[in-house]
2 protein chains.
Amino acid sequence: MSDRMGEFDLIARYFTRPAKRAVLGVGDDCALLQPAPGMQMAISSDMLVEGRHFFAGVTPFTLGHKALAVNLSDLAACGATPTAFTLALALPRVDEAWLQGFSSGLWALADAHGCELIGGDTTQGPLNICITVFGEVPRGQALLRSGAQADDDIYISGTPGDARLALDALRGTLALPTELLAQARARLEQPSPRVALGQALRGIATAAIDISDGLAGDLGHVLEASGVGARIDPEIATNLIAGCAHAAAAAGLFPYEKLLEYVFAGGDDYELAFTAPPAARQAVDAASRKSQTQVTRIGSIEKAPGLRLVDAQGRSVTQTFQSFDHFA
Amino acid sequence: MSDRMGEFDLIARYFTRPAKRAVLGVGDDCALLQPAPGMQMAISSDMLVEGRHFFAGVTPFTLGHKALAVNLSDLAACGATPTAFTLALALPRVDEAWLQGFSSGLWALADAHGCELIGGDTTQGPLNICITVFGEVPRGQALLRSGAQADDDIYISGTPGDARLALDALRGTLALPTELLAQARARLEQPSPRVALGQALRGIATAAIDISDGLAGDLGHVLEASGVGARIDPEIATNLIAGCAHAAAAAGLFPYEKLLEYVFAGGDDYELAFTAPPAARQAVDAASRKSQTQVTRIGSIEKAPGLRLVDAQGRSVTQTFQSFDHFA
């Protein structure tokens, strides 16, 4: 087989399973989906390119996980329940060990979220993975970027900054103890899309976004879309978010300013940033518990545009963050 | 601007328009679609890679057209009405002239079909275009590959073979008169997805597929899915389908056997092959007229598996066709 395995064999062998929820899955010109009554379909596409979104030698299992995870993270940010996805894959050659690993990682995460593969495409070319994901959300209940209001609290899930810490370590610009590196690397290579949290926040959060390009930059999109500003206490953000970056800073591996940079401009986190009114604090706590996802309140929405870092003593912290941008 | 144009500027400038039909379009974590009551959503993804699906120097306008056309063709094969699409694009660099041309070709075809761009992704990488397209079809009325029955007629739309003729000419393995080349090249670079025909065939055709990898190979998928075989008169197929390949053969540019190869194994045609019972011949004619799409009856479905070429005198024509396969 190997190099002589054809496109159709490849699809049949690694990427075909009987459709369970879809009306029609892999194998015809189109797949067919029938959203449940009263539901809207949430849709998002992400394209991953070797050398830009992942290292050339990355384990195919983790790559399969991550390719779907970054898409599920977009559904999470809308509060949608994943239902299905398509996969388009350009491969330099047919490498069965790679395909076995990649598809295993993909299926493991897909199964964990009850999200089925309904179609796609395979072709020869420089390694490129394009997934389009589908979810359902009750009509009018999708979490959008545009609903944040003055005095709303600002929250972040999980431990932003850890993915970027791993990236720096893997690039050799920083030395990390073995265990810390393994932990941070898992956050970079196998992020957990906050799907359960997103769903639990429906009707509670006023705005939400997933953090792919860095907290400061992505929160900036919420502020812009909502026509508001924000005030964040950098000490709260960096002391309460007890992730790998925090542990590395505590171990004196880099100065405090660098920790701010990890947390606010790390990128590749796939955490949710969201807003909710102060009256909803108990509801947010309940959503956090229900979804078993750590959530940290890091600041407040304000009328005046812009993102301000202000410490507990009311002193402004000057820091400029560069959002990750593929063509910058 | 040029190389310093960022990802968000690029999306805003070339790929953002207000959503008309979608609940939510470009600009949030997900797009939102609300299928009309009683409708199912048809979904298909295609990935185009430079050097494999198009020449490196192809005009960006025609590439924008083709990238969407090959996807619309899948909707056509299901009889679905296009509604929306996502675009994921990897670009080696930001080239505004290229983006202007590409997006113009894309919008022109999208507008012609009332199909709106609702989201996607842009990144840096080897040129790769991945489109996922969405359509609506009344519940249970999608045309599938699996419905062909013994004694059904077999039809093909348009002029299969012309795209491959152009490819051979552009590769220099064949010399074509200027006008004929221009005509064939338009079929290769700007195929017309048979969307109107597909919709008109709902309730008439028993099975349908779009011809991307060659008539013989793709019809083979219908035969396999339907558990039947087919008998085709090669003279009818090659004499009645009066396209560029036919004209080139008539001009003595290659032998008759080569014409068979163009028509049956050309690839890149994006025509529809479909089946319908003999009692539906008038209805098929009406669908052809209604959709202003030429349709040719080329043979019959038979119980015995396999695809047989048999001429009017009942003689078997021996010919082996190799379906286009990206990894073969």
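According to the Cα gyration tensor, what semi-axes, each the square root of 5 times an eigenvalue, does the equivalent ellipsoid of the stretch A:1-84 have, listed from largest to smallest in whole Å? Walk me through the intermediate numbers first.
On the way: eigenvalues 139, 94, 17 Å².
Three semi-axes, in Å: 26, 22, 9.
On a full-extension model of 0.36 nm per residue, what is the gain between B:Glu257 and B:Ser316, subtracting their alpha-carbon distance, rounded to one decimal in nm?
So the extension gain works out to 19.9 nm.
List the distances, in nm and shortest first, from the label point of B:Ala36 to the matching label points in every other copy, placing each point 7 Å from Cα along the Cα-to-Cβ direction.
Here B:Ala36 shows inter-copy label distances of 2.5 nm.
Please turn the phi angles of the stretch B:74-89 into ³J(HN,Hα) values with the Karplus equation 6.51 cos²θ - 1.76 cosθ + 1.60 (θ = phi - 60°), one per residue in order, whole Hz, x for glycine and proline.
5, 5, 4, 5, 9, x, 8, 9, x, 10, 7, 8, 10, 10, 10, 9
Within 13 Å, Cβ to Cβ, of B:Val295, how many net charges do the neighbouring residues add up to if Lys/Arg are +1 and Asp/Glu are -1?
Around B:Val295, the surrounding residues sum to +2.
Could you give the Stokes-Einstein D for chain A in µm² per second, using the C-alpha Kirkwood radius, 4 °C, 1.567 mPa s?
Values: Rh = 20.6 Å.
After rounding, the answer is 63 µm²/s.
Say a label goes 7 Å from Cα toward Cβ at B:Ala175 in every copy; what distances in nm does this one have to the rest, shortest first?
B:Ala175 label point versus its equivalents elsewhere: 7.1 nm.
How big is the gap, in Å, between the Cα center of the stretch A:245-318 and the Cα center of the stretch A:155-221?
That distance is 11 Å.
Kirkwood-based Rg over Rh for the stretch A:145-309 (C-alpha set), two decimals? Walk me through the numbers before you get to the answer.
Working: Rg = 15.3 Å, Rh = 15.7 Å.
Taking Rg over the Kirkwood Rh, I get 0.97.
From Cα pairs below 8 angstrom and at least 6 apart in sequence, can you work out the relative contact order of chain B, rounded to a whole percent? Let's see the in-between values first.
Values: 719 pairs, mean separation 72.8, N = 328.
Reported as a whole number, the value is 22 percent.
Considering the protein assembly as shown, which cysteines have no disulfide-compatible partner, defined as another cysteine with its Cβ under 4.7 Å away?
Singleton cysteines: A:Cys115, A:Cys244, B:Cys115, B:Cys244.
May I ask you to sort A:Arg202, A:Arg308 by Cβ crowding, counting other Cβ atoms within 10 Å and putting the fewest first? Numbers along the way, then the final one.
Working: A:Arg202 18, A:Arg308 13.
Listed from fewest to most nearby Cβ atoms, that is A:Arg308, A:Arg202.
Provide the per-residue ³J(HN,Hα) series for the stretch A:112-127, in order, calculated from phi with Karplus coefficients 6.51, -1.76, 1.60 and θ = phi - 60°, each as a whole number of Hz, with x at glycine and proline positions.
With the stated coefficients, the stretch A:112-127 comes to 4, 10, x, 10, 9, 6, 10, x, x, 7, 10, 8, 8, x, x, 3 Hz.
Against the empirical 2.2 N^0.38 Å scaling, what ratio does the C-alpha Rg of the stretch B:259-312 come to?
Values: Rg = 13.2 Å, N = 54, 2.2 N^0.38 = 10.0 Å.
Relative to the rule-of-thumb radius for its length, the stretch B:259-312 sits at 1.31.
Averaged over every viewing direction, what's the projected area of the C-alpha convex hull for the stretch A:107-156? Give it in nm², one decimal, please.
Across all orientations, the stretch A:107-156 yields a mean hull projection of 6.8 nm².
Within a 10 angstrom radius of the beta carbon, how do A:Val228, A:Val58 rank from fewest other beta carbons to most?
Fewest-to-most ranking of A:Val228, A:Val58: A:Val58, A:Val228.
Along Cα→Cβ at 7 Å, what distances in nm separate the B:Gly203 label point from those on the other copies, shortest first?
4.2
Can you give me the Rg/Rh ratio for the stretch A:153-196, using Cα atoms for both radii and the Kirkwood formula for Rh?
Here the Rg-to-Rh quotient is 1.05.
Just to check, using Stokes-Einstein with a Kirkwood Rh over alpha carbon pairs, what's the diffusion coefficient of the stretch B:122-226 at 25 °C and 0.890 mPa s in µm²/s?
My calculation gives 149 µm²/s for D.
What order do you get for A:Val295, B:Val195, B:Val23 when you list them from fewest to most C-beta neighbours inside 10 Å? Show your work: numbers first, answer last.
Details: A:Val295 21, B:Val195 25, B:Val23 16.
By the 10 Å Cβ count, ascending: B:Val23, A:Val295, B:Val195.
Collect residues whose amide H, placed 1.01 Å from N in the peptide plane, falls under 5 Å from the amide H of B:Glu136; neighbours closer than 5 in sequence don't count.
Counting only residues 5 or more places away or on other chains, the set is B:Ala42, B:Thr81, B:Thr83.
Need the C-alpha centroid separation for the stretch A:21-62 versus the stretch A:227-243, integer Å.
The stretch A:21-62 and the stretch A:227-243 have Cα centres spaced 33 Å from each other.
Cα axis of helix A:256-265 to longest principal axis of chain A: angle in degrees, 0 to 90, nearest 10?
That helix lies at roughly 50 degrees to the long axis.
Using alpha-carbon pairs under 8 Å, 6+ residues apart, how would you state the relative contact order of the stretch B:2-138 in percent?
In percent, rounded to a whole number, it is 39.
Dividing the convex hull volume of the Cα atoms of the protein assembly as shown by its residue count, what figure in Å³ per residue is obtained?
On the way: hull volume 98.7 nm³, N = 656.
Convex hull of Cα atoms, per residue: 150 Å³.
Defining a contact as two alpha carbons under 8 Å apart and six or more residues distant in sequence, what relative contact order in percent does the stretch A:131-277 show? Walk me through the numbers on the way to the answer.
Working: 241 pairs, mean separation 67.5, N = 147.
With pairs under 8 Å counted, the relative contact order is 46 percent.
Points 7 angstrom from Cα along the Cβ direction at A:Lys20 and A:Arg52: gap in nanometres?
3.4
Readers should treat all values here as calculations from the given coordinates under stated rules, not as data from a laboratory. None of these values were measured; they are calculated from a predicted model. Cβ atoms come from the backbone with ideal geometry, glycine included; neighbour counts cover every protein chain shown.
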